[in-house]
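One structure below.
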Amino acid sequence: MAFQDKSLMCSDCGSTFTFSVKEQEQFAEKGYTNVPGRCPACRQARKAKRELETAGTSSYKNYGTAPRTDRSFQGSRNASFRTGERRQMYPAKCATCGKDTQVPFQPRNDRPVYCSDCYRKTNPVQR
């Protein structure tokens, strides 16, 4: 098919631009069937605006991992920490000193519960 230069009107700025034979051949190679509706300057401006709008919003594009859009991580161990929610606390009595305290788990009768001070004494941090 023989191409000829075409004069087209830009849908954004209204100026007339030439859709050259070379551009038409490139469009045909890529399988494009429609003629461009915008002049090269408006196409470039639209592309730059689109890149600015999406810059930094897609962790998939920038880091190779898909962005987390669901809340599937909420069932994990530290879900309340990650979501900013306050954990539900349960009243308990310390097995060592007898002080009333609150713990982030449902106490069971067969297991001892300690206040934070007594817990530190029975389970020292190993560094």
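The values are calculated or read from the model by the stated rules, or taken from the named source; none is laboratory data. On a predicted model such as this, the values are computed, not experimentally measured, just so you know. Heads up, the Cβs are rebuilt from the backbone with ideal geometry, glycines too, and the neighbour counts pull from every protein chain shown.
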**Study point:** Selection from segment 88-111 of residues that are surrounded by 13 or more Cβ atoms within 10 Å (Cβ to Cβ) and out of contact with any strand residue (DSSP E or B) (no Cβ under 9 Å at 6 or more places or on another chain)
**Key:** Ala95, Thr96
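Would a scan of segment 63-76 turn up a residue that is acidic (Asp, Glu) and modelled with pLDDT under 80? Full working, then the answer.
Initial filter on segment 63-76 (acidic (Asp, Glu)): 70.
Now restrict to residues that are modelled with pLDDT under 80: 70.
Yes, segment 63-76 contains a residue that is acidic (Asp, Glu) and modelled with pLDDT under 80.
Determine whether segment 28-39 contains at least one residue that is basic (Lys, Arg), part of a loop (DSSP other than H, G, I, E, B) and at pLDDT below 80. Talk me through it step by step, then tell me what you get.
Let us first name the residues in segment 28-39 that are basic (Lys, Arg), namely 30, 38.
Keeping just the survivors that are part of a loop (DSSP other than H, G, I, E, B) gives 38.
Filter once more, keeping what is at pLDDT below 80: none.
No, segment 28-39 has no match at all.
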